[in-house]
Amino acid sequence: MITVSVKPLFTAIFTLSLFLAIVLLSPSSPFSSVPSNKQAGKSDIWGVKRLVDWRPCKWWIHGPRIALLAESNGYIRVDCYGGLNQMRRDFCDGVGIARLLNATLVLPKFEAAAYWNESSGFADVFDVDYFIQQMDGFIKVVKELPPEVALKEPFHVDCSKRKGQFDYIESVLPSLLKYQYISITPAMSQRRDRYPLNAKAALCQACYGSLRLTRTLEQKAAELLEAIPKPFLSLHLRFEPDMVAYSQCEYPGLSPASKEAIEAARGDRKPWTGELARTWRNRGKCPLTPNETAFIFQALSIPTNTNIYLAAGDGLMEIEGLKSIYTNVVTKSALLSGEDFLNMHGNTKAALDYFVSINSDFYVATFFGNMDKMVAAMRAYKGLHNTLFLSRRAYAELTSKGLDGKELMQALWLAHKEDYAMGRGSALPDCFCDFKS
């Protein structure tokens, strides 16, 4: 008869059970409980495999450059209006047009705009010498005009209906040859695909390879970046009174202060009602509220303890709808000293948000405006692909069908998973080409 000692066997079983308990309950274990806002079995949206990534096109970065002609056809100044990123977009388009017309580029004029609380010019935001150096071979740029040209104001050419290569050659070039110094403001919807490659390359190089903040402003932006807890997500959230008023959308349940601010900004732009309002919202025309943004974040399994830098302007409404769920939210006004912040104009504040956003670990936008397009493209230029645009359309369509709770979260996950995997909105095709994984 074989006998077995009970004590050693009991000790072995107890030791093994204790080891398994420690492993299973350890926070660092893959078997530990998921955060309450994560959907079971899912990693966050950033764990989704990208099938398409956008990178700078080879014809721009590595392609042969067509030599500039020895004699220029004249001087072009680009007059830019609006916020910083709108002016940057207009300027980039103007560079392409100047190259197309074999013109010498004069530093642009950033128009002061009371609406944007703005008075800073191009040289107050961007490093002029760096820009000129980086554009060498793409287009000739001058800081100052020759004395005989500087004495006169440029002849302004209306470009509001000029969109393609032949529009500018047929309509703008004659004025350039006649007056030798003209100013233009490019049309908002350019047909850049109709430009020859040398003009497109100049545009791309100006926008993504040559615009660097001034040393002073970049130092301040670097200090702000350093002060943000890492890793972090930069969120460009748009829910200001003028934004909501312009959208012509209605939002039930807003605070009295928000309603009053929206009404003050509406003017003659009244909100849509009835079936028109539903159709408008389902087309994705209504800005996401901070509360809706937080809900989509949860649907995407973004942890509620994520460090979030709020890249937003003044007057953001209903922000508690986000902060009550995502508690680690920081802003530039909180991280910068009061004097520094108060002395900044609209362009310099926007420049800080831009710098932080192109260097963030993750970037999410609730809209697809000028800043978002610029940030997404620069992140692609830098090889940073954790960029996502929340789908206003998907949220509106799904909620209009009566989906809510876990069912709505699952549907939002699937919609954004596909967008992220395919790199939708991550860069504009003018300067970037898609590379399939």
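The values are calculated or read from the model by the stated rules, or taken from the named source; none is laboratory data. This is a predicted model, so every value here is computed, not measured. Note that we place each Cβ from the backbone using ideal geometry, even for glycine, and neighbour counts take in every protein chain shown. Ligands, DNA and RNA are stripped out before the accessible areas are found, and what is left, the full protein with its side chains, is counted by its heavy atoms. Shrake-Rupley method; radii C 1.70, N 1.55, O 1.52, S 1.80 Å.
So which residues in the range 147-180 are assigned to a loop (DSSP other than H, G, I, E, B) and either open to solvent by 40 Å² or more (accessible area, probe 1.4 Å) or at pLDDT below 95 (or both)? The answer is L151, K152, E153, D158, C159, S160, K161, R162, K163, G164, V172, Q180. In this structure, F355 does not qualify as without any contact (Cβ under 8 Å) to a residue 40 or more places away in the chain, in a helix (DSSP H, G or I) and more than 17 Å from E240 (Cα to Cα). Which one is surrounded by the fewest Cβ atoms within 10 Å (Cβ to Cβ), of the residues in the range 71-105 that are closer than 20 Å to S171 by Cβ and among the acidic types (D, E)? It comes out as D79. Scanning the range 224-237 for residues that are touching a residue at least 24 places away in the same chain (Cβ under 8 Å) and charged (D, E, K, R) yields a single hit, K230.
Yes/no matrix, rows are residues, columns are (1) open to solvent by less than 10 Å² (accessible area, probe 1.4 Å); (2) touching an Asp or Glu at 6+ places or on another chain (Cβ under 8 Å); (3) under 22 Å from N370 (Cβ atoms); (4) modelled with pLDDT of 95 or more:
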{"residue": "D193", "(1), (2), (3), (4)": "no, yes, yes, no"}
{"residue": "P196", "(1), (2), (3), (4)": "no, no, no, no"}
{"residue": "Q205", "(1), (2), (3), (4)": "no, no, yes, yes"}
{"residue": "S210", "(1), (2), (3), (4)": "yes, no, yes, yes"}
{"residue": "L225", "(1), (2), (3), (4)": "no, no, yes, yes"}
{"residue": "H236", "(1), (2), (3), (4)": "no, yes, yes, yes"}
{"residue": "D242", "(1), (2), (3), (4)": "no, no, yes, no"}
{"residue": "Q248", "(1), (2), (3), (4)": "no, no, yes, yes"}
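Just one of the listed residues (T279, T214, T289) is over 19 Å from S360 (Cβ atoms), in contact with a strand residue (DSSP E or B) (Cβ under 9 Å, 6 or more places away or on another chain) and modelled with pLDDT of 95 or more, namely T214. Does R393 satisfy the criteria of being over 16 Å from the mean Cα position of the chain (by Cα), open to solvent by 20 Å² or more (accessible area, probe 1.4 Å) and under 25 Å from A311 (Cα atoms)? Considered against the rule, which asks whether it is over 16 Å from the mean Cα position of the chain (by Cα), open to solvent by 20 Å² or more (accessible area, probe 1.4 Å) and under 25 Å from A311 (Cα atoms), R393 comes out as yes. Anything in the range 96-140 that is farther than 16 Å from I182 by Cβ, modelled with pLDDT of 95 or more and assigned to a strand (DSSP E or B)? List them, or say none. Within the range 96-140, just F126 meets the criteria.
Results for (1) more than 24 Å from L224 (Cα to Cα); (2) open to solvent by 60 Å² or more (accessible area, probe 1.4 Å); (3) in contact with a Ser or Thr (Cβ under 6 Å, 6 or more places away or on another chain); (4) in a helix (DSSP H, G or I), shown as yes or no for each residue.
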| site | (1), (2), (3), (4) |
| --- | --- |
| S360 | no, no, yes, no |
| M374 | no, no, no, yes |
| G383 | no, no, no, no |
| L398 | yes, no, no, yes |
| Q410 | yes, yes, no, yes |
| K417 | yes, yes, no, yes |
| P429 | yes, yes, no, no |
| D434 | yes, yes, no, no |
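Inspect the range 329-347 for any residue being in a strand (DSSP E or B) and within 29 Å of P256 (Cβ to Cβ) and give the result as yes or no. Yes, that holds for at least one residue. In this structure, S183 does not satisfy being closer than 22 Å to Y81 by Cβ, open to solvent by less than 60 Å² (accessible area, probe 1.4 Å), of a type outside the set (D, E, K, R) and in a helix (DSSP H, G or I). Summed over the range 288-313, the residues that are open to solvent by 10 Å² or more (accessible area, probe 1.4 Å) and farther than 23 Å from Y251 by Cβ give a count of 5. Please determine, by comparing only the residues of the range 314-337 that are modelled with pLDDT under 90 and open to solvent by less than 50 Å² (accessible area, probe 1.4 Å), which one is farthest from F362 (Cα to Cα). The qualifying residue farthest from F362 (Cα to Cα) is G315. Only one of the numbered conditions (1) among the β-branched types (V, I, T); (2) in contact with a Pro (Cβ under 7 Å, 6 or more places away or on another chain); (3) modelled with pLDDT under 85 is violated by V78, and that is (3). Can you tell me how many residues within the range 123-155 are among the acidic types (D, E) and touching a helix residue (DSSP H, G or I) at 6+ places or on another chain (Cβ under 9 Å)? The total comes to 3. Just one of (1) within 12 Å of the chain's Cα centre (by Cα); (2) crowded, with 18+ Cβ neighbours inside 10 Å; (3) closer than 26 Å to K200 by Cβ; (4) not small (G, A, S) fails for T366. It is (3).
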